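A short write-up of the structure that comes next.
The values are calculated or read from the model by the stated rules, or taken from the named source; none is laboratory data. What you are looking at is a predicted structure, and each value in this text was computed from that prediction instead of being measured. Neighbour counts are summed over all protein chains in view; Cβ atoms, including those assigned to glycine, are modelled from backbone coordinates with ideal geometry. With ligands, DNA and RNA removed, areas are computed over all heavy atoms of the protein, side chains included. Shrake-Rupley method; radii C 1.70, N 1.55, O 1.52, S 1.80 Å.
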Amino acid sequence: MPRTGGPEVLEIVELPVPQPGPGELRIRVTAATVNPTDVGLREMGADLPTPWVPGMELAGVVDEVGEGVTLPLGTPVMAIVSPRRPQGGGQAELVAVPQESVAPVPEETSDVEAATLPMNGLTARLALDRLALPAGATLGVTGAAGALGGYVMQLAKVEGLRVVADAKPEDEPLVRELGADEVVPRSDDPSAAYRRAVPVGLDAVVDTALLHEEVLGAVRDGGGLVTVRGWSGPSERGIVVHPVLVREYLHEQAKLAELGALVEQGRLTLRV
């Protein structure tokens, strides 16, 4: 991508073949996703190097390894990558990344499916890690029908949380299938909608729908609110706002591998 703008700025270009350094491996990419973050950076990322390669997650096969890498050549893998680095992101034929950003593709999973897990899956993992709720706590999830919301709900159920989520009527069956114990209708006043379901207030909310202050009223005094686009307040009633950015988990190989294991166990549903 030589400049910012709409889809018309995207071009196919030839770049030097990346060579993995110590602790890095090169992946021959077979699948890469397009997420809202990619679209936003394409439209507004004026500080990005050019030509810029978009993409935050990918799947493929280990093609070359640097010193110290233990994953064998030919291993099917999935990876997360920062598109802001000088060499760009994952929408390329060959991508070199640190081994700590890579985990094996879950068994009986296509590369296309596996490519959807690293970015949203690790964001969901980070959100729940920041909240550190005990089993039995009540978690609200906005935007529950989306990829990130779905991962948050399923991971929350693995941890023994009660999940209350909002959804449009047509999305309610999906949201319940993904683990919601209770579904509240979408509303112009989301705090009131959640309070009708949980009068004492939610212990925390993971706000994937970018409602921000509109959902603070749903949280009990001293609870928590996770935001995903950097919003940090102002808050109220002692509610702790946790802005999370997945770049904090770019090198959490063990957590990515754990997500893959949950996919193999049927406890995490990949969605293309």
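Values for this structure:
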read-out: Rounded D (µm²/s) - segment 58-149, Kirkwood Rh over Cα pairs, Stokes-Einstein at 10 °C, 1.306 mPa s; value: 105 µm²/s
read-out: Label-point gap, in nm, between Val17 and Val112 - each point 7 angstrom along Cα→Cβ; value: 2.8 nm
read-out: Contact order normalised by residue count of segment 27-176, Cα under 8 Å, 6+ apart, percent; value: 21 percent
read-out: Per-residue HN-Hα couplings for segment 15-26 [Karplus 6.51, -1.76, 1.60; θ = phi - 60°; Hz; x = Gly/Pro]; value: 10, x, 5, x, 10, x, x, x, x, 10, 9, 9
read-out: Residues of the chain: accessible area per residue with a 1.4 Å probe, Å²; value: 45 Å²
read-out: DSSP loop GluC sites (Glu not before Pro) with at most 10 other Cβ within 10 Å: longest gap in the chain; value: 109-272
read-out: Where labels lie 7 Å past Cα in the beta-carbon direction, separation of Ser187 and His251 in nm; value: 4.5 nm
read-out: Cleavage-rule hits, trypsin sites (Lys or Arg not before Pro), segment 201-269, DSSP coil, Cβ neighbours within 10 Å at most 14; value: Arg229, Arg237, Arg267
read-out: Candidates per trypsin sites (Lys or Arg not before Pro) in segment 67-136, loop by DSSP, up to 12 other Cβ within 10 Å; value: none
read-out: Placed amide H near Trp52: partners under 5 Å, 5+ positions off or other chain; value: none
read-out: Accessible-area composition of the chain, carbon plus sulfur, in percent [1.4 Å probe]; value: 52 percent
read-out: Inter-site label distance for Leu174 and Ala135 at 7 Å from Cα along Cβ, in nm; value: 3.1 nm
read-out: Mean ellipticity per residue at 222 nm, deg cm²/dmol - from DSSP H runs of n ≥ 4 across the chain, formula -39500 (n - 2.57); value: -7000 deg cm²/dmol
read-out: Under the span-like rule (Cα at least 18 Å along the axis, Kyte-Doolittle mean at least -0.5), DSSP H helices of the chain; value: 118-131
read-out: Debye, to nearest 20: dipole size of the chain, +1 on Lys, Arg Cβ, -1 on Asp, Glu Cβ; value: 500 debye
read-out: Alpha-carbon centroids, segment 16-61 and segment 149-174: separation in whole Å; value: 30 Å
read-out: Full-extension gain in nm, Ser235 to Arg196, via 0.36 nm per residue minus C-alpha separation; value: 11.9 nm
read-out: FRET efficiency estimate (nearest 0.05) - Cβ-Cβ, Arg271 to Leu10, R0 25 angstrom; value: 0.55
read-out: R0 of 35 Å, Cβ-Cβ distance Val39-Glu214: FRET efficiency to nearest 0.05; value: 0.90
